[in-house]
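Structure first, commentary second.
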Amino acid sequence: MNKSISGRCHCGSVEWEAKLPPKIVLNCHCHMCRELSGADYSSWVVMKSNQFTLVKGSDILSRYQATEKFSKSFCSKCGSTVSCVNDEKFPDHIYVARGNISSEIELAVNLQVYTDDKADWLVLNEAIPVYNP
Ligand SMILES: [Zn+2]
Ligand SMILES: [Zn+2]
């Protein structure tokens, strides 16, 4: 198993690397994640902030303050979500968008959260533990 992973946005302006292991790999079904991603849910690799390194695109990365305590970083050119930070609950952690990982590595989702808010049409994978804070 590689000791690190890399990822990029769609247009390639933003590239990052991250050291493994992550703290947790989760799918979040909350309304905010659904709205921010435009997808049924968001898939995040959660790690300590210092495990994550932006390799390219610091000038292109934009930040959207979604709530007082929650911000999302994205590529201002192609719009790809890069990461999120939850300053309220996990200020020293970063949520990295799992879908942008470009290296070949198996990072199974080990938790699904806010499933009470999940999209009506979505059928949950019952093999993955659920947590509703
Ligand atoms: Zn981009
Ligand atoms: Zn969420």
Original post:
Which residues in the stretch 1-42 place their backbone N less than 14 Å from a point set 7 Å from the Cα of Ser58 along the Cα-to-Cβ direction?
Top reply: 15-17
**OP:** Please list the non-local residues whose amide H lies under 5 Å from the amide H of Val14, H modeled 1.01 Å from N, same-chain partners needing a gap of 5 or more.
**Re:** Cys9
Subject >> Evaluated over the stretch 24-66, the Cα radius of gyration and Dmax, each in Å >> reply: 12.5, 30
**OP:** State, as an integer percentage, the relative contact order of the stretch 82-133 based on alpha-carbon contacts under 8 Å between residues 6 or more apart.
**Re:** 29
Original post:
Check Ser83: other-chain or 5+ apart residues with amide H under 5 Å from its amide H, H built from backbone geometry?
Top reply: Ser73, Ala97
Original post:
Separation between the Glu126 and Ser102 pseudo-spin-labels, each 7 Å from Cα along Cα→Cβ, expressed in nm?
Top reply: 4.0
**OP:** Could you pull out every residue, at least 5 positions away or on a different chain, whose amide H is within less than 5 Å of the one on Ile24? Hs are placed 1.01 Å off N in the peptide plane, and Pro or chain starts have none.
**Re:** Val46
Subject >> Cross-link pairs beyond the 19 Å C-alpha cut-off, checked among Lys23/Lys48; Lys3/Lys48; Lys48/Lys77 >> reply: Lys48/Lys77
Original post:
Taking a point 7 angstrom from the Cα of Cys11 along the C-beta vector, which residues in the stretch 36-63 have backbone N less than 12 Å away?
Top reply: 60-62
Original post:
³J(HN,Hα) across the stretch 54-67 via Karplus (A = 6.51, B = -1.76, C = 1.60, θ = phi - 60°), whole Hz, x for Gly/Pro?
Top reply: 7, 8, 8, x, 4, 7, 9, 6, 10, 10, 10, 7, 6, 9
**OP:** Treat the chain as a sphere of radius equal to its Kirkwood radius over Cα pairs and apply Stokes-Einstein at 25 °C in a medium of 0.890 mPa s; give the translational diffusion coefficient in µm²/s, rounded to a whole number.
**Re:** 163
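Give the relative contact order (percent, whole number) for the stretch 4-108; include only Cα pairs under 8 Å separated by 6+ residues.
It rounds to 30 percent for the stretch 4-108.
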**OP:** Taking the Cα centre of the stretch 42-115 as origin, sum charge times position over the Cβ atoms of Lys and Arg (+1) and Asp and Glu (-1), and report the length of that vector in debye to the nearest 20.
**Re:** 140
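Coordinate-derived values only; no laboratory data. In this text, all values refer to a predicted model and were calculated from it rather than measured experimentally. A quick note on method: Cβ atoms are made from the backbone with ideal geometry, for glycine too, and the neighbour counts reach across all protein chains shown.
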